1. Does residue 144 count as closer than 18 Å to residue 61 by Cα, without any contact (Cβ under 8 Å) to a residue 60 or more places away in the chain and over 18 Å from the mean Cα position of the chain (by Cα)?
2. Identify all residues within the stretch 1-21 that are free of Cβ contacts under 8 Å to residues at least 60 places away in the same chain and either surrounded by fewer than 23 Cβ atoms within 10 Å (Cβ to Cβ) or outside the structural domain of residue 149 (by TED's automatic domain parsing) (or both); write none if there are none.
3. Any idea how many residues of the stretch 298-313 are over 13 Å from residue 4 (Cβ atoms) and crowded, with 20+ Cβ neighbours inside 10 Å?
4. Taking the stretch 312-330 as the region of interest, how many residues are more than 16 Å from residue 175 (Cβ to Cβ), touching a residue at least 40 places away in the same chain (Cβ under 8 Å) and in a loop (DSSP other than H, G, I, E, B)?
5. Could you pull out every one of the helices (runs of 4 or more DSSP H) wholly within the stretch 139-232 that has 1 or more residues that are at pLDDT 95 or above and under 30 Å from residue 73 (Cα atoms)?
6. Of the residues in the stretch 53-92, how many are under 16 Å from residue 13 (Cβ atoms) and either within 17 Å of the chain's Cα centre (by Cα) or not assigned by TED's automatic domain parsing to the domain that holds residue 123 (or both)?
């Protein structure tokens, strides 16, 4: 199966603009849109996804991502069943333990055991079956299809859990082949533990990327989202798998991180990113520089990319990605 390309959108703009960007991306062959769910800093993800579902015809409609802390599983199931109905069966539940959505409320992240239980509940409820949650019987009467579930995972235990029970894993571990291979090893370990057929699970890289004919400008443009991605890498990858210089730079950046400026181009903590960190976390430069780096990651065996369109000109980014990068990638 060819490698697929999806975009992520942080709904830091009116939801009508989110849907317009999704339409533009679909017209150029992008296969999915993943919208972040973080109530304190972004517009509502489900309102944005409903508009995307209504205005597109083929692309996957997914959260990128939601969590079981701020959303009760019955609320999640009802929302996704509605999106799936509206989109004609194109919805995907992108879910993780929570980051900015829970951090801005002062709440702890979900435990992996809770994520596992929520997964079984969501599958049952979206299929119109009865489920048990915290001793209570839950049921939604009208859904008919178990909506696919993709875990947002970066740590070893989460990656293995995704390999065991999810329909897909969306991992954010940086932009180097070594980091991608680390994620795939752990996912595959989970697949083996569950004695699953490997082809039943999709493996997606969530990748910070900026493209510009001026490579230096692309590196400046990526700093907002790269800082968010760097925090995830710092929090989840084993220390032994991160170069010493990169580790110390990540440690400094994370100490000054402000979740109310999460993934923002204007974030002050973005200035703490060194060139070394950018190269480890993102692909940022000219299209010609990006092509061989994408090829390296495709060669690792990934199924697709989810690339947040966070630059100041997301339309220009999508155009450059689809016209000057993707056509030059074997297997894309």
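1. Details: closer than 18 Å to residue 61 by Cα: yes; without any contact (Cβ under 8 Å) to a residue 60 or more places away in the chain: yes; over 18 Å from the mean Cα position of the chain (by Cα): yes.
So residue 144 fits the description; yes.
2. In the first step, residues of the stretch 1-21 are kept if they are free of Cβ contacts under 8 Å to residues at least 60 places away in the same chain; the result is 11, 13-20.
Of everything in the stretch 1-21, those that are free of Cβ contacts under 8 Å to residues at least 60 places away in the same chain and either surrounded by fewer than 23 Cβ atoms within 10 Å (Cβ to Cβ) or outside the structural domain of residue 149 (by TED's automatic domain parsing) (or both) turn out to be 11, 13, 14, 15, 16, 17, 20.
3. Taking the stretch 298-313 as the starting set, the residues that turn out to be over 13 Å from residue 4 (Cβ atoms) are 299-301, 308-313.
Pick out the ones that are also crowded, with 20+ Cβ neighbours inside 10 Å and you get 308-311.
Number satisfying all stated conditions: 4.
4. Matching residues across the stretch 312-330 total 1.
5. On the way: elements: 156-165, 177-193, 215-221.
Result: 156-165, 177-193.
6. Here is the first cut: in the stretch 53-92, the ones under 16 Å from residue 13 (Cβ atoms) are 55, 64.
Filter once more, so that each one left must be either within 17 Å of the chain's Cα centre (by Cα) or not assigned by TED's automatic domain parsing to the domain that holds residue 123 (or both): 64.
Selection size over the stretch 53-92: 1.
The values are calculated or read from the model by the stated rules, or taken from the named source; none is laboratory data. All of these numbers come straight from a predicted model, not from anything done at the bench. No Cβ is skipped: glycine too gets one built from the backbone with ideal geometry, and neighbour counts run over all protein chains shown.
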